[in-house]
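The values are calculated or read from the model by the stated rules, or taken from the named source; none is laboratory data. If you're wondering where the values come from, they're calculated on a predicted model, not measured in any experiment. Cβ: placed from backbone, ideal geometry, glycine included. Neighbour counts: every protein chain shown. Please note that ligands, DNA and RNA were not included when accessible areas were found on the heavy atoms of the full protein model with its side chains. Shrake-Rupley method; radii C 1.70, N 1.55, O 1.52, S 1.80 Å.
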Amino acid sequence: MPLPVSRDQKNFWHDSTRLVALAIPMILANVTTPLLGLVDTAVLGHMQLPAMLAGASVGALILTQIYWLCGFLRMSSTGLSAQARGVKDTKIASAKVLWQTMMVALLLGLGLLVFQAPILYVGVALASPTLEVQQHLVAYFDVRVFGAPAAMLNLALIGWLVGQQKTRSVLIIQVVGNLLNAGLDVLFVYGLGMSVPGVALASIIAEYSMACMALWVAFKQVVGVKPDRAWFNRAARKILMKLNGNMLLRNLALQGCLAFVTIQGARLGETPAAINAILMQFFVLIALGLDGIAYAVEALVGEAKGAQDNHEIKRRTYQGLVWSSAVAVIYSLAFYLFGETIIALLTEHQHLVSAALGYLPLMVILPLLAHWCFLYDGVFVGLTRADAMRNSMIFSALLVFFPLWYVNKDIGNISLWYALLGFVFARGATLALMFYRLDKHGRLCK
């Protein structure tokens, strides 16, 4: 891995404050999402029938998985926006990216509305719920799906704002939107007696409110710049399709591996499935911090590429790696010292706590192995090298994750976690190697 040219320590830490200032609001914004999930669950959990909670949860899961796969919108928007910030005609270039990514987002959102029936059919077939649960699942989905255009637009707009280094605005938008959602949950369900559809409607209103806030902030950045028809010509569409297509393939490979852990664990029995659900929360905790660092790196590396500054790309990558390593060490120490407490907070069943403790050493190692892939994902998003991200993910899935699991499958559920640790490390290692080769051949800015 290449290091930046020598610079005194004082300047290094002074420059790092910009990265941290961008990262902290994103870390705080990340924290609000699981908190909102707790409010939704609490409201639904106090309804008359458990089937209401189960149905709404599955309905939300169907849409959440689709939105997660469409996360390529956020990544491509961030990279292109950050690069636009680094070019000479920043305002025009940024407006171009904004309108292009908004167009893609709205088309995807409308597409989800058009194909809502087959999406629901496949989701129900995969979940195989009871008739009572299915009734509430459909009631939730049929309302919530109309928020799809806003959800897609939010992915693009949040990505664009991160690229423009407006992470404080993103934090405010996320917090306001999530608080609105929580307040409307209580109003619609307890005040108006709207039951499951009320929870879905609360989410829709919050999604469109967040989209309006994000649009207001974004348009203030590019006021006075009118869209140009050339921004949407065939050449522009081809570039966007290639970038987003590679990002989508990358997300599919990642989701395939994570889904395999859940499905294979369920096949091994109730206890392994429950253990895996608990251990996945360690992954969620790690992502809260490491994603924040990665978002900041995306913005700064992208800006440097837009300015065609090879040295600045390497410097920001190295700074990000230092901070990412520090956060990973803190996580590992926290899991080592408080891992048993975390597990006990996640379940009251002692047999699950005892069984999960056997995996705790792997959770301590996990941040140290995983932070590389989070960091270099951010670097390559900033470089908009989606082909490298796609290749790294597919290589790590097909040649590391599944082979590791297959070789160790006789030892049971823990083989899935050996495979997952190898997978995240392989992603980081392959992306680091690709970065080194791009730098060696002078292609970081191409």
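Sort Val223, Val353 from largest to smallest accessible area, using a 1.4 Å probe on the heavy atoms of the protein chains. Present the calculation step by step, with values, prior to reporting the outcome.
On the way: Val223 90, Val353 10 Å².
The residues order as Val223, Val353, largest area first.
Using a simple charge model, +1 on the beta-carbon of Lys and Arg, -1 on the beta-carbon of Asp and Glu, nothing else, what dipole does segment 212-280 show about its Cα centre, in debye to the nearest 20? Don't skip to the end; give the middle numbers.
Working: 9 positive and 2 negative charges, 120 e Å.
With only Lys, Arg, Asp and Glu charged at Cβ, the dipole is about 580 debye.
Mind jotting down the three principal axis lengths of segment 303-446 based on Cα atoms? Whole angstrom, largest first.
57, 32, 18
What does the helix-only formula give at 222 nm for the chain: each DSSP H stretch with n ≥ 4 adding -39500 (n - 2.57), the total divided by the residues, and the result rounded to the nearest 500 deg cm²/dmol? Before the final figure, lay out each step's value.
Numbers: 17 runs with 371 residues, N = 446.
Per the formula, -29000 deg cm²/dmol.
With only Lys, Arg, Asp and Glu charged, each at its Cβ (+1 for the first two, -1 for the last two), find how big the charge dipole of segment 130-260 is about the Cα centre; round to the nearest 20 debye.
Numbers: 11 positive and 5 negative charges, 192 e Å.
Charge dipole, segment 130-260, about its Cα centre: 920 debye, nearest 20.
When the chain is treated as a GNM, springs tying every alpha-carbon pair under 10 Å, which of Gly339, Gly159, Gly378 comes out with the largest mean-square fluctuation?
Gly339
Cα to Cα, under 22 Å, and not fewer than 8 places away if on the same chain: which lysines meet these conditions relative to Lys220?
Lys88, Lys91, Lys96, Lys166
By how many nm would the segment from Ala334 to Ala266 grow when fully extended, if each residue of separation counts as 0.36 nm and the alpha-carbon distance is taken off?
Details: separation 68, 0.36 × 68 = 24.48 nm, distance 2.85 nm.
Result: 21.6 nm gained on full extension.
Can you match Cα Rg over 2.2 N^0.38 Å to one of these, [x] 0.99; [y] 1.25; [z] 0.94, based on a calculation from the structure here?
The calculated read-out lines up with [x].
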